[in-house]
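Input: a single structure, listed below in structure tokens.
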């Protein structure tokens, strides 16, 4: 059997001829559909009385112009809690003392006196001013309250607002630095 008469050979040549015949024209243009949040604007190109645009193409062939408008949409790069705080006005803390201006991490524990019936601690603010603390004292921007004054540390309980709006109770321990701790029992 010769190669020219093989049915497989004839099918292959016929398929190749059909594929080459179909590749002659330009690809079809996709239909223009506006995206969500976009607005269609009329074409800015003036048309002549015949309906042709100045560049030689038909006005119907030109794709519609569109633009994106972010009006009324949330900025995806701003934190969610920043928007909550701005919508409710300025953030109000429950602590109206001078220590309510600072975050707990900014305060430095300087001294602790625990031999009394009501222990006392001293913290230093970032501006260099020292303040005394007892159990129940208010401090920090989140309205923290001193829960306990122990040897070498102060336990502060505060309520933190989460991204979903709920509030969680957290406890922070302010520790006395090693160089400031004096151990008289040695």
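All of the numbers you see were taken from the coordinates with simple rules; none came from a lab. Source: prediction; values computed, not measured. Positions of Cβ are generated from backbone atoms using ideal geometry, with glycine treated the same way; all protein chains shown enter the neighbour counts.
Observations on the model:
- Per the Kirkwood formula applied to alpha carbons, segment 98-175 shows a radius of gyration over Rh ratio, Rg over Rh, of 0.99.
- Mean separation of Cα contacts under 8 Å, 6 or more apart, over the residue count of segment 98-175: relative contact order %: 24 percent
- If R0 is taken as 35 Å, the Cβ-Cβ distance between residue 114 and residue 166 corresponds to a FRET efficiency of 0.50.
- Stretch gain in nm, segment residue 150-residue 73, where the contour uses 0.36 nm per residue and the Cα spacing is subtracted: 22.7 nm
- Summary of packing: across the peptides 162-173, 109-120, 67-78, the per-residue average of other C-beta atoms within 10 Å ranks them, highest first, as 109-120, 162-173, 67-78.
- Sorted peptide list for 126-133, 11-18, 151-158, criterion being average Cβ within 10 angstrom, highest first: 151-158, 126-133, 11-18
- Spin-label zone in segment 146-174 - amide nitrogen under 20 Å from a point set 7 Å from the Cα of residue 134 along the C-beta vector: 146-157
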